[in-house]
1. Just to be sure I understand: chains A and B are related by a rotation, so which residue of A has its Cβ closest to that axis, and how close in Å?
2. From the label point of A:GLU112, set 7 Å along Cα to the beta carbon, how far off in nm is each other copy's matching point, shortest first?
3. Under 12 Å from the Cβ of A:LYS44, count the other residues' Cβ atoms, weight Lys and Arg +1, Asp and Glu -1, and hand me the total.
4. Can you flag which of A:LYS20/A:LYS69; A:LYS109/B:LYS123; A:LYS86/B:LYS116 are past 18 Å Cα-Cα?
5. Determine the distance separating the Cα centre of segment A:9-39 from the Cα centre of segment B:1-75; give it in Å without decimals.
6. Run the label-point distances for A:LYS86 please: 7 Å along Cα to Cβ, every other copy, nanometres, shortest first.
7. List, shortest first and in nm to one decimal, how far the label point of A:MET1 (7 Å from Cα along Cα→Cβ) is from its counterparts in the other copies.
8. Are there trypsin sites (Lys or Arg not before Pro) in segment B:5-52 that DSSP puts in a loop and that have at most 13 other Cβ atoms within 10 Å, and which ones?
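We did not get these values from a lab; they are worked out from the coordinates using the rules stated. Remember, it's a predicted structure, so these values are computed and weren't measured experimentally. Glycine gets a Cβ as well: all are built from the backbone with ideal geometry, and neighbour counts include every protein chain shown.
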2 protein chains.
Amino acid sequence: MKIINKNVDYALRSLIHIAKENGQVVSVSNLAEREKISKAFLRKILQILNKEKIVNSIKGKSGGFVLAKIPNEIFLMDLINIFQGKIKLLDCFVKKNICPQKKECILSKKMEKIEKMLIFEIKNISLASLLNGDGKDKPI
Amino acid sequence: MKIINKNVDYALRSLIHIAKENGQVVSVSNLAEREKISKAFLRKILQILNKEKIVNSIKGKSGGFVLAKIPNEIFLMDLINIFQGKIKLLDCFVKKNICPQKKECILSKKMEKIEKMLIFEIKNISLASLLNGDGKDKPI
DNA sequence: TTAAATGATACTATATTAGTATCATTTTGT
DNA sequence: ACAAAATGATACTAATATAGTATCATTTAA
């Protein structure tokens, strides 16, 4: 059971790559070749990142992508939200209320707590912190 | 993006239901009817829980299932492991080492930390704590 | 003016999850 | 004795999500 899928994986690698170019335009061809990822697949991912304003695109020959934000304003959480949808530990429990004998479902309460904690932690992982290696994330 | 699937959902409901019967044998027919879940699907789930020694089965007419452990020795984590496999935030990052310029992949380190925390929290959610509503789990 | 890039979008393939069905065996209740 | 009601094992189908490919249109620098 993996939590993070390939879209997010590749998106993250791409962003790391682009960030390291320090503002220079990076094309999908370039990225694909250097990261050894299918070009067609990467294109789709970068197009989405563009729509979501994580990167900006430069059209035409010698075009490509640059970051649309500084690295410490790009979070792993954003990528997960974009490519996998909002994290929910469970769909059903809260709605279906599996412990109906209680005023409030105990499980759902516990889950909410854990969910919040998980989201809080992931939310703090910025691209910057992955780049510079100081392990520091943007304070809240 | 949901983290917990239907097998785990239904397994948990079934266990809660069985636990409340206080040692009385509960058949799948009974469970299915009362929880409004497909009988065939539930059967498969209970068979797995039996193999995994979470419940014991009583064969033959008026047979069914009882808990094989006391409720505070049954954890949500067990169910997730059984039905969804071990939780991993990522498969790929650690192996593929997406930041090869570093001695150790920063992302993978961060992920490991979060993963451990998540597992720690989930590990402590016992069936007992969902039943009695005191919110207390078995201490470690 | 053409080659190399992205934009939009439709399509296919694979894997996972969800759900159904069936035959065999066990065992209680009549 | 034996039929009914249960589980055991297992194979199968359906639906959904993930992964990956392909194509035509548009843009723009060389």
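1. In chain A, the Cβ lying nearest the symmetry axis toward B is A:LEU118, 3.
2. 3.5
3. +4
4. A:LYS86/B:LYS116
5. A separation of 49 Å, based on Cα centres.
6. 3.2
7. Label point to label point, same position, other copies: 1.5 nm.
8. B:LYS36
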